[in-house]
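Structure, as structure tokens:
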Amino acid sequence: MAEPRTLFDKVWDSHVVERLPDGTCILYIDRHLVHEVTSPQAFEGLRLAGRRVRRPDATIAVADHNIPTSDRRAGIAEPESRVQVETLERNVAEFNVPYIPVLDARQGIVHIIGPELGLSLPGSTIVCGDSHTSTHGALGALAFGIGTSEVEHVLATQTLLQRPAKNMLVRVDGTLGFGCTAKDIVLAIIGTIGTAGGTGHVIEYAGVAIRALDMAGRMTVCNMSIEAGARAGLIAPDETTIAYVAGKPFAPQGEAFDRAAAWWRTLPSDPGARYDRTVVLDAGAIAPMVTWGTSPETVVPVTGTVPDPAREPDEARRAQMQRMLEYMALAPGQRLQDVTVDAVFIGSCTNGRIEDLRAAAAVARGRRVAEGVRAMVVPGSGLVKQQAEAEGLDRILMQAGFEWREAGCSMCLGMNPDKLAPGQRCASTSNRNFEGRQGPGGRTHLLSPAMAAAAAVTGRLADVRELA
Amino acid sequence: MEKFTTLTATAAPLPLANVDTDKIIPARFLKTIRRTGLGVHLFDTLRYDASGAERPEFVLNRKEFRKAQILIAFENFGCGSSREHAPWALLDFGIRCIIAPDFADIFHNNCFKNGILPVRLPRPVCEALMADAQMGGNARLTVDLSRQVVVRPNGEEIPFEIDPFRRHLLLEGLDDIGQTLQHAAAIDAYEVRLRAERSWMPAIAAG
Ligand code: SF4
């Protein structure tokens, strides 16, 4: 009998074009997602070398990182952002790459629209010049971020030079408690294994708590694999996955879909498959989580307090905590629930899906955004926005005093005009709380959409369970 | 990528150690959408004053070195941030070969990716070449990659070591992509298999 294989092994093996003598593999890429920030030099490289895009029919481009989330019909005011988008438009025209225009309803964050449009399929290899490409692993795909030279490599050859990663299993048993979400699961995982915990590995998420998540929740978990140090995260395709993909515009249709689904069902890891490392968590023990520092691993339950660096035995780590507390303007022992916020950001490729907006609206319904708080909701895509408007979520949120914006990355990284002012504190559903990530001097607390809405209506890092 | 076989050119002396990539190309030029056009910003802070005027004393601003294609420097050239903009800027200026006692790792790699030959030679040899370079256009150096020698203006030949695989890629003008494309037959064969085994995989069409 053949050696039992993991999900990762199966997807990897089915995409190896050639194994080179030193162990590097030429890996075939099924889907290449292209955006405006990391592609200009790649297209330029092709042009200089007189090369073409090998498979435009496996490539799709969209602008998301630095487009404004206000009305875009007037164009983009910031010259550098505008030039990047215009460059992308010229490049896709010249190289015949399919493109979703800025004013198209399907425009959105590349990691939201890939799954939403059926571009991202189980068992496929998906790359994009962006680290959060790990999101697409929720479908059981091998999806990871690449650099500009590699973008050019994929455009020219439809392959990448890669060495196989190690396998890590993160199993989440049990049932999530009331008020807890996929975001709390992944923050708890990162808090447990640390931001370097997954280095050199791909993480497969398994266990009943993961199986119980809908696709949006699974994407939230896989999205933050990169914050756990892993290049990719995967969840085995199951009936939830297959039902999600069915009928999506770019997915296989009819009889082709049935043949695809038959293959997808063979992908879950074999019984007895070996993992280089296994971590087990109990979902029942997870509370709504909030970060206090400037690294995603600095996370505690919302009921907790800011940790005391004095209790940290490791000197380097102690100094680092001290710096974080200074930057975040927090004191050791302070209760997180007493921390007040100036801004709330609901959106990003971590939590910009319709399910996330529903969760936020459920908390916001009939309440008011606290005095002095700027709360902003940025749907992950134009289609998410349409759907939310069809469900009346926009009205609930706007009545509560939230801003309702156009789709894009927005305040997740502040490359467009949505930025924090220095010293402002933000409750954010995004994935990175690095210094200055949401604007120079801005202070970010990562949390779930429901928790973010609770922060908006109370003006502090409230426990959403007390608002129910 | 342009082939590198034999280069006879003016060498510019840059008698500095630890030239970091920020010196080669400062961070404020990274928002560009191109990898060409960075040459005017090469060594920006060394080359221009605060008003943007050229510093006449900087080597690349001197008439005899404006067309230099070889750069002679000291230890740890290219250290610091991993930006690929550093070799892009050098190449865009026209530099095809850098001679130094040693190089930072990532920069060294990035040179090969972009058709620049980094040559490691012991410090005393670099000092001798530095003296040659000071003579500007009156003392052209020849770098012969196929024979792995640097030829001084006085005819003396100095052998250098280079990884044979890297040498092959440069001589052939192959970057990573070029190298992968040598396996084009395997990629073609894979695609044939793919169309048979996963024929359900849709093509992406615009519109
Ligand atoms: S939403 Fe944020 S993390 Fe996601 S792709 Fe955009 S900038 Fe990156």
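Once backbone amide H atoms are built at 1.01 Å from N, A:Gly233 has A:Gly137, A:Ala143, A:Ile203 as its partners under 5 Å, excluding neighbours fewer than 5 places away on the same chain. Measure off 7 Å from each Cα along the Cα-to-Cβ vector at A:Phe178 and B:Arg66, then give the distance between these two points in nanometres to one decimal. Here the answer is 7.9 nm between the modelled labels. When the C-alpha to C-alpha distance is required to be over 22 Å, the pairs from B:Lys3/B:Lys113; A:Lys183/A:Lys248; A:Lys248/A:Lys385; A:Lys385/B:Lys31; A:Lys10/A:Lys183; B:Lys3/B:Lys31 that qualify are A:Lys183/A:Lys248; A:Lys385/B:Lys31; A:Lys10/A:Lys183; B:Lys3/B:Lys31.
Relative contact order of the stretch B:56-207, taken over Cα pairs closer than 8 Å and 6 or more residues apart, is 17 percent. Approximating the spin labels as points 7 Å out from Cα along Cα→Cβ, the A:Thr24-to-B:Arg195 distance works out to 2.9 nm. In plain terms, if you count all Cα to Cα distances in the protein assembly as shown and split them into 10 Å steps from zero, the share in each step is 3, 14, 23, 23, 19, 11, 5, 1, 0 percent. Residues in the stretch A:236-243 carry Karplus couplings, in order, of 4, x, 9, 5, 4, 5, 5, 5 Hz; the curve used is 6.51 cos²θ - 1.76 cosθ + 1.60 with θ = phi - 60°, and Gly or Pro positions show x. Once the dipole of the protein assembly as shown is set up with Lys and Arg at +1 and Asp and Glu at -1 on Cβ about the Cα centre, which of B:Leu145, A:Val85, A:Tyr244 lies farthest towards its positive end? The residue sitting most towards the positive pole is A:Val85. Under 18 Å from a label point set 7 Å out along the Cα-to-Cβ vector of B:Ser81, the amide N atoms of the stretch A:74-108 belong to A:80-81. By DSSP, the beta bridges lying fully in the stretch B:1-105 are antiparallel in about 10 percent of cases. Where both bridge residues fall in the protein assembly as shown, DSSP classifies roughly 30% of the beta bridges as antiparallel.
Take the alpha carbon gyration tensor of the stretch A:378-468, find the square roots of its eigenvalues, order them as a ≥ b ≥ c, and report rounded if a/c is under 1.5; if not, report prolate when a/b exceeds b/c, else oblate. Oblate is the answer for the stretch A:378-468, as a/c is 1.5 or above yet b/c matches or exceeds a/b.
Judged by the ratio a/c of the largest to the smallest principal axis of the C-alpha gyration tensor, the stretch A:33-98 counts as prolate, that ratio being 1.5 or greater while a/b is larger than b/c. Put a dot 7 Å past the Cα of B:Arg34, heading toward its Cβ, do the same for A:Gln337, and the two dots end up 5.9 nm apart.
Would you compute, from DSSP H runs of 4+ residues alone, the mean residue ellipticity of chain B at 222 nm, taking -39500 (n - 2.57) per run and dividing by the full residue count, rounded to the nearest 500?
It lands at -8500 deg cm²/dmol.
Remark: mean inter-chain Cβ contacts per residue of B:173-181 equal 6, using a 10 Å Cβ-Cβ cutoff to other protein chain atoms. Note on the stretch B:6-173: Cα-only Rg and Dmax are 15.1, 46 Å.
From the residues B:Leu46, B:Ala128, B:Gly155, which one has its Cα farthest along the dipole of chain B in the positive direction, the dipole being from +1 and -1 charges on Cβ of Lys/Arg and Asp/Glu about the Cα centre? Most positive-ward Cα: B:Leu46.
Report note on the peptides B:152-165, A:189-202, A:114-127: ranked by the mean count of other C-beta atoms within 10 Å, highest first, their order is A:114-127, A:189-202, B:152-165. For the stretch A:396-439 and the stretch A:148-183, what is the separation of their Cα centres, given in Å? After rounding, the separation between the Cα centres reads 25 Å. Taking the DSSP beta bridges with both ends in the stretch B:6-173, the antiparallel portion is around 45 percent.
Here the stretch B:1-106 is treated with +1 on each Lys and Arg Cβ and -1 on each Asp and Glu Cβ, and its dipole about the Cα centre works out to around 440 debye. Structural descriptor for chain A: relative contact order 17 percent, calculated from alpha carbon pairs under 8 angstrom and at least 6 residues apart.
For chain A, adding -39500 (n - 2.57) for each run of n ≥ 4 DSSP H residues and dividing by the number of residues yields -9000 deg cm²/dmol at 222 nm.
Values quoted throughout were computed directly from the atomic coordinates according to the rules given, and no laboratory measurement underlies them. If you're wondering where the values come from, they're calculated on a predicted model, not measured in any experiment. FYI the Cβ positions are ideal-geometry reconstructions off the backbone, even for glycines, and counts take in every protein chain you see.
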